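What follows is a single structure, written as structure tokens, with notes after it.
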Amino acid sequence: MTKGRPADAGLLSLVIDGAPVPVTIVRSSRRTRTVSFSVGGGGIVVRSPEGTPVAFIRNALELRSEWIGRQLAAQQRRPAIEDGGELPYLGGSLRLSVRPVATRRRCTVRRAGDVLEVTLPESLEGTAIADVLSGTVAAWYRKEGARLLPGVADRLIRATGLQPAGVLVCTQRSRWGSCAADGTIRLSWRLMMLPE
């Protein structure tokens, strides 16, 4: 079987809150020994080594059904990246104000109190609007994270007496932060969406 290719798709589904959730199994020929789960809009993706019995995967899904239900619920609560949408910010929220401007070639972002004002080129159409808007908002969160999160880390450094090699703000999708073997701390910009 080709490495990292979906297999057994449609063989499984998990019922969460009375609704079936599709499960896709991706088999890997790498020397991994773990089975991992990710939850997205298209359902659940299970990554497992080749030869892992489907019964084992089904049992593992059942054992983690409560966690999967929480992940699905959290995804439904994600903020709408659209004009008038609410964006979480340090325990509060910002209202997104989107304005197309004919003279703009690039997007601009400015925070005015509890409003995040974004201007977009008027020439954008269709799905490009949503893609550019989402990317622009994510870039603003990253910039805010780079400005504020190292200060949070500095307070923890002083309190613990530990000295990291550096503090970086990154786009980590599956963790809030990590510390590498070389002592570099990496924090996800998505922390800016949580209470301070």
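The values are calculated or read from the model by the stated rules, or taken from the named source; none is laboratory data. Computed from a predicted structure; not experimentally measured. Don't worry about glycine lacking a Cβ; one is built from the backbone with ideal geometry, like all the others, and counts go over all protein chains shown. Please note that ligands, DNA and RNA were not included when accessible areas were found on the heavy atoms of the full protein model with its side chains. Shrake-Rupley method; radii C 1.70, N 1.55, O 1.52, S 1.80 Å.
Brief remarks on what is shown
- For the range 157-196, filtered to residues that are assigned to a helix (DSSP H, G or I) and touching a Pro at 6+ places or on another chain (Cβ under 8 Å), the residue that is most open to solvent (accessible area, probe 1.4 Å) is M193.
- Output for the range 33-62, where each listed residue is open to solvent by 40 Å² or more (accessible area, probe 1.4 Å) and either on the phi > 0 side of the Ramachandran plot or basic (K, R) (or both): R33, R47, G51, R58
- Residues of the range 20-32 that are part of a strand (DSSP E or B) and surrounded by fewer than 13 Cβ atoms within 10 Å (Cβ to Cβ): P20 alone.
- Residues within the range 25-39 that are within 21 Å of the chain's Cα centre (by Cα) and of a type outside the set (A, V, I, L, M), tallied: 3
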